[in-house]
Amino acid sequence: MSTRVGVAVPAPGSTEPVEAWVLDLPGCFATGADEAAALGALPANIERYLALAAEAGAAAPRPVGRIEVTERFHGSWQGTYEVNASFAADAEPVTERDVAFACAMLAATRRRLLSAADRASRWRTGERTVSEVLHHVANAEWFYGSRLEVDPEAVRSSGLGGEPDPNSRLDRIRAWALQRLAALPGFGALERTQHGELWTPRKVIRRYIYHELDHIRELERRA
């Protein structure tokens, strides 16, 4: 038995790294300067992911066997927008169990994010402040949750009001995101294309979890 992995190669001229995604663990990923480096970093990240799932009380399937790259996605540009990876596995419909797992993971990642934020500081010139990182996390969550709408930008712009307190903004958008998650099983095999990028309910879950994990790592490095 193998662990299904999708590799995302950035668009030509991009400054983004190569990404390796575990397709059966939503949001579990690793990055590297090339495919070999991303895949080499993946086993440790899988273990951290599964530890967080256990902390959340979420029943995550443990990948068994060797890592097998089953899909590759090559990025492209849509104007100035870099199209992010969509995999065939993202088309699989979302179940109630998937939503329960995602909600448990997001509760755990939010606790970890706020804990890291309390301990982090602005430690390098040009970096975002902790408050700016938290605002960015909230805005990205609103962005992801709007991607399945017929007019996503109208939905997203309605959420761009500015609470100066990042914690209030995180709470408000998370409440909205959880409502969106609860509705995903009813969407079936829905697909939307926005800015040349394909979005599905499963991809929304993957991006929700991934993005918070990414910024937990950023703030924990600064803590």
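The values are calculated or read from the model by the stated rules, or taken from the named source; none is laboratory data. Not measured: the values here are computed from a predicted model. Glycine also receives a Cβ, built like all others from the backbone with ideal geometry; neighbour counts cover every protein chain displayed. Remember, those area values only see protein heavy atoms, side chains included, never the ligands or the DNA or RNA. Shrake-Rupley method; radii C 1.70, N 1.55, O 1.52, S 1.80 Å.
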Return the pair list, or none, for Cβ contacts closer than 7 Å from residues in segment 178-198 that are closer than 19 Å to Leu106 by Cβ and open to solvent by less than 70 Å² (accessible area, probe 1.4 Å) to residues that are outside any helix (DSSP H, G or I) and of a type in the set (S, T, N, Q), at least 6 apart or on different chains. Pro185/Thr95
Write out, first by first residue and then by second, each pair whose Cβ atoms fall under 9 Å of each other, whose residues are 6+ apart or on separate chains, and whose first residue, in segment 44-66, is within 26 Å of Gly32 (Cβ to Cβ) while the second is open to solvent by 60 Å² or more (accessible area, probe 1.4 Å) and among the hydrophobic types (A, V, I, L, M, F, W, C). Ala53/Ala59; Ala60/Ala54; Pro63/Met1; Val64/Met1; Gly65/Met1; Arg66/Met1
Selection from segment 32-66 of residues that are aliphatic (A, V, I, L, M), at pLDDT 95 or above and in contact with a helix residue (DSSP H, G or I) (Cβ under 7 Å, 6 or more places away or on another chain): Leu52, Ala53, Ala56
Enumeration of residues in segment 3-23 that are modelled with pLDDT under 95 and open to solvent by 40 Å² or more (accessible area, probe 1.4 Å): none
Condition met for Phe143 (under 27 Å from Ala58 (Cβ atoms), modelled with pLDDT of 90 or more and in contact with a Leu (Cβ under 7 Å, 6 or more places away or on another chain)): no
Within segment 73-95, of all residues that are over 16 Å from the mean Cα position of the chain (by Cα) and of a type in the set (Ser, Thr, Tyr), the one surrounded by the fewest Cβ atoms within 10 Å (Cβ to Cβ) is Thr80
Identify the residue in segment 119-142 that is in a helix (DSSP H, G or I) and touching a residue at least 60 places away in the same chain (Cβ under 8 Å) and, among all such residues, is most open to solvent (accessible area, probe 1.4 Å). Arg119
Here are some conditions: (1) within 19 Å of the chain's Cα centre (by Cα); (2) at negative phi. His195 meets all but one. Which one does it not meet? (2)
Out of all the residues in segment 155-167, is one or more among the polar types (S, T, N, Q), in contact (Cβ under 8 Å) with a residue 12 or more places away in the chain and open to solvent by less than 10 Å² (accessible area, probe 1.4 Å)? no
